[in-house]
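Working notes for the structure below.
The values are calculated or read from the model by the stated rules, or taken from the named source; none is laboratory data. Because the structure is a prediction, the values reported are computed rather than measured. Methodologically, a virtual Cβ is constructed for each residue, glycine included, from the backbone with ideal geometry; neighbour enumeration extends over all protein chains shown.
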């Protein structure tokens, strides 16, 4: 009988999570003895639809991918099958990262063209990282942002309601499920239903009950009684299997009869603001709201005076449904030639990039961010410098913050953005300027390249 | 120095990819001695936006999750930390799947309310599978469908152009990257750039070169010459770094001078149909087109007489950008009571489900599908029965097909759908009926439940 394949990555196959062209270029860099030092810059060109800012997340996983970079026998064997040469594969099996990495700390608002990560290393090494670092930073940033938007609506209109990620079944694969739980926590969530994310990242885990529990008993009463017998005061009863308001009354009755103060009830269908008010009239239990929850639904819920202690967003969070992509790119911005770093850029239509290693400076006035300046790394400019060295010569030079620290940072830095940039529809664009030095360098290089072409 | 965490699942943590409530219910089923045999049905209620059909994929990974279900010491330790009881955890550490699984083969068009997978097992086991089987079937189905739509446009308007997945950097995490490569292949792609997907699933891998290669040389000519020196006739040169048409001329010149017939050139920016025609006028090289490719862009490309040998869709494929979610659910449809299976359903507003284990029958006329009937599993109805037993009493009873077989099936079954259902905008709804038997059983149960409430 054939064995099915899970197809999860393992430490043996993880280095193969890359595009074939990276490895083909690496082999060519190696065999053709063209391995100059190079700087790559990871950024996105523009904010996704409806986004006034993005909140960075995923640096820890990007750093892991860089530090643990290692091709073992299984990876080498497969590359040999694909036709890669023995001499290159020997080099690859000894490869480790020896370069520098600068990065924005997780939980930092970031805008178009601002580097989130810069890698300076022999080009062969820097090239390899492209696929995995874009992948890990891009997705977590997408989810942290979505989470931050929901937390922001609650900060504005709510009363500190809890937010718990219920999205794992609808995430794009398992890695997304656990990374969404992590990134949502950074962005301001309180926890996740995903147990693996709890184990791997220490994200607090929460759980209630499903309709199947209720349906598996002859009566809703028997279902509630049995669940309470097991879980006692920890229980959150799901009340919409048959009739939400009747379910609420029953939940309150059963809890009363058993002498338990349960944690609350969950509503998962129907007109949630209206039902939550109806439930509030028949019982005093805390209400947790799920089904189709996102920042727009939460705003509508508050606008219509819904009553809730917490929300459980799922699909919309983990797929970032209204903006499911952020087009992170990882571009060569400088390369060594004759012993010096030279700027580089492409001129492709609509895809022009700024050359040189950079810094991002953020200007604050009265505790509010008023604008950023993207400058050359060697320029000295006013404002807080956001990019920090993380790895130098292959050695880590900064501790990675705990998830709590990143979460606190995200919360503070998000709040420092003036409210108009945080609107969930039609946010006001935040001012990002290019420094005079970078502008000049870009124009100069463009003229050079056009003259050559 | 703190160690960063990759946070990949491993065989030790994979069983924890579930929602906490599944485990809390399982403990309650176990401790409260309520572990009846139950049937769960996995389906989606409606087709996502713009979709006239979905193409199933991911069954192999769902079967793996079911067959390999096993809680080792690391998982048990964590659950103990979370407060699960010792007696339940002992039971869990011995748990293996002993039930039945019926499923639609990969590569089958599927519509709203049609079961893709049905699990019949002690409820404790069936419950646990919910999160992982929805996750694995849902995402791969989303991508196989997106892929099928692109292949369909080429079948209609093109000339057998190749389709290669270039999306790994923008997929939602790494699992999505490799599963997208697999699912796209099922849906009609020719391969992927993702090397790990090649290793894990034998999907053919392809790669060209990046702008960074070109930029890392003092001139585009030097970059092309060096790449050709390494890769010879296998080479596809990227020609849009500075000026696409000039790049095409240079590519042709360099290949000529070196006496090589290279595989072609890649265009990655600008007005692609127009540029491809301009390139075609200056050289005879095969053209591979990337950047923003999806079914709509391919249609537009053909409508405008673009010239291409192949396309490399990326972000739009792996995030299914225009329809990034399919809301798979896994519902309890029958449960054993007093030694017999009883139907079950919920009445939640807008979320009513059909009870009972089911079959899906597909009616074919002159090689074209004309409609489906969803019936009770025990009903005998005309048309091809699509759901097949895969596991019985915990043992596999059917070989899983190779990826090639699933791909061929998808291609054939997609083509059997009349064209109006395959339109990429505004597809005509396909007829899905509920059998008289299922309709009667549903009404009867609804009356019973409403009488009880």
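For the stretch A:385-413, taking the residues that are in a loop (DSSP other than H, G, I, E, B) and loosely packed, with under 14 Cβ neighbours inside 10 Å, the one that is farthest from the other protein chains (Cβ to nearest Cβ) is identified as A:393. Of the set (1) within 10 Å of chain A (Cβ to nearest Cβ); (2) touching a strand residue (DSSP E or B) at 6+ places or on another chain (Cβ under 8 Å); (3) more than 30 Å from residue A:57 (Cβ to Cβ), all apply to residue B:220 but (2). Among the conditions (1) under 22 Å from residue B:330 (Cβ atoms); (2) in contact (Cβ under 8 Å) with a residue 40 or more places away in the chain, the only one that residue B:72 does not satisfy is (1).
Among residues belonging to the stretch A:191-215 that are closer than 18 Å to residue B:344 by Cβ and touching a residue at least 12 places away in the same chain (Cβ under 8 Å), point out the one that is farthest from the other protein chains (Cβ to nearest Cβ).
Looking only at the stretch A:191-215, we keep the residues that are closer than 18 Å to residue B:344 by Cβ, and these are A:209-215.
Still in the list and also touching a residue at least 12 places away in the same chain (Cβ under 8 Å): A:209-211, A:213-215.
On the way: A:209: 6, A:210: 6, A:211: 5, A:213: 5, A:214: 8, A:215: 4 Å.
Residue satisfying both the conditions and the ranking: A:214.
Regarding residue A:171, is this residue at pLDDT 95 or above and not assigned by TED's automatic domain parsing to the domain that holds residue A:340? In short, yes.
Would a scan of the stretch A:172-180 turn up a residue that is surrounded by 24 or more Cβ atoms within 10 Å (Cβ to Cβ), more than 14 Å from the chain's Cα centre (by Cα), over 30 Å from residue B:33 (Cα atoms) and at the interface with chain B (Cβ under 7 Å from one of its Cβ atoms)?
In the first step, residues of the stretch A:172-180 are kept if they are surrounded by 24 or more Cβ atoms within 10 Å (Cβ to Cβ); the result is A:172-180.
With more than 14 Å from the chain's Cα centre (by Cα) added as a condition, the list becomes A:173-174.
So of that shortlist, the ones also over 30 Å from residue B:33 (Cα atoms) come out as A:173-174.
Applying the additional criterion that residues be at the interface with chain B (Cβ under 7 Å from one of its Cβ atoms) yields A:173-174.
So far as the stretch A:172-180 goes, yes, one or more of its residues are surrounded by 24 or more Cβ atoms within 10 Å (Cβ to Cβ), more than 14 Å from the chain's Cα centre (by Cα), over 30 Å from residue B:33 (Cα atoms) and at the interface with chain B (Cβ under 7 Å from one of its Cβ atoms).
Within the stretch B:65-82, the only residue that satisfies the criterion of being more than 25 Å from the chain's Cα centre (by Cα), more than 9 Å from chain A (Cβ to nearest Cβ), part of a loop (DSSP other than H, G, I, E, B) and surrounded by fewer than 20 Cβ atoms within 10 Å (Cβ to Cβ) is B:72.
Looking at the structure I just gave you, is residue B:380 away from chain A (no Cβ under 14 Å) and under 30 Å from residue B:102 (Cα atoms)?
Details: away from chain A (no Cβ under 14 Å): yes; under 30 Å from residue B:102 (Cα atoms): yes.
It is true that residue B:380 is away from chain A (no Cβ under 14 Å) and under 30 Å from residue B:102 (Cα atoms).
Quickly run through the stretch B:112-124 and pick out the residues that are touching a strand residue (DSSP E or B) at 6+ places or on another chain (Cβ under 8 Å), more than 9 Å from chain A (Cβ to nearest Cβ) and farther than 20 Å from residue B:45 by Cα. Lay out the reasoning, then the answer.
To start, the set of residues in the stretch B:112-124 that are touching a strand residue (DSSP E or B) at 6+ places or on another chain (Cβ under 8 Å) comprises B:112-123.
Okay, now just the ones that are also more than 9 Å from chain A (Cβ to nearest Cβ), so B:112-122.
The answer is B:120, B:121, B:122.
Of everything in the stretch A:28-64 that is over 26 Å from residue A:399 (Cα atoms) and at the interface with another protein chain (Cβ under 7 Å from one of its Cβ atoms), the residue that is surrounded by the fewest Cβ atoms within 10 Å (Cβ to Cβ) is A:32.
Looking only at the stretch A:223-243, which residues are modelled with pLDDT of 95 or more and more than 7 Å from every other protein chain (Cβ to nearest Cβ)? Result: A:223, A:224, A:225, A:228, A:236, A:237, A:238, A:239. Every condition in (1) over 30 Å from residue B:123 (Cα atoms); (2) at pLDDT below 95; (3) surrounded by 13 or more Cβ atoms within 10 Å (Cβ to Cβ) is met by residue B:382 except one, and the failing one is (3). Tell me the residue from A:4, A:15 that is surrounded by fewer than 24 Cβ atoms within 10 Å (Cβ to Cβ), at the interface with chain B (Cβ under 10 Å from one of its Cβ atoms) and outside any strand (DSSP E or B), please. After ruling out the rest, the residue left standing is A:4. With a requirement of 1 or more residues that are within 14 Å of chain A (Cβ to nearest Cβ) and more than 25 Å from the chain's Cα centre (by Cα), the helices (runs of 4 or more DSSP H) lying completely within the stretch B:261-368 that satisfy it span B:272-282.
Here's the yes/no breakdown for (1) in contact with a helix residue (DSSP H, G or I) (Cβ under 6 Å, 6 or more places away or on another chain); (2) surrounded by 24 or more Cβ atoms within 10 Å (Cβ to Cβ); (3) assigned to a helix (DSSP H, G or I); (4) away from every other protein chain (no Cβ under 14 Å):
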position	(1), (2), (3), (4)
A:90	no, no, yes, yes
A:133	yes, yes, yes, no
A:136	yes, yes, yes, no
A:140	yes, yes, yes, no
A:159	no, no, no, yes
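Let's see how each residue does on (1) part of a loop (DSSP other than H, G, I, E, B); (2) touching a helix residue (DSSP H, G or I) at 6+ places or on another chain (Cβ under 6 Å); (3) touching a residue at least 12 places away in the same chain (Cβ under 8 Å):
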site: A:217; (1), (2), (3): yes, yes, no
site: A:222; (1), (2), (3): no, no, no
site: A:233; (1), (2), (3): no, no, yes
site: A:246; (1), (2), (3): no, no, no
site: A:255; (1), (2), (3): no, no, yes
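Can you tell me which residue among A:274, A:251 is surrounded by fewer than 20 Cβ atoms within 10 Å (Cβ to Cβ) and in contact (Cβ under 8 Å) with a residue 12 or more places away in the chain? Lay out the reasoning, then the answer.
On the way: A:251 fails: surrounded by fewer than 20 Cβ atoms within 10 Å (Cβ to Cβ).
Of the residues listed, the single one that is surrounded by fewer than 20 Cβ atoms within 10 Å (Cβ to Cβ) and in contact (Cβ under 8 Å) with a residue 12 or more places away in the chain is A:274.
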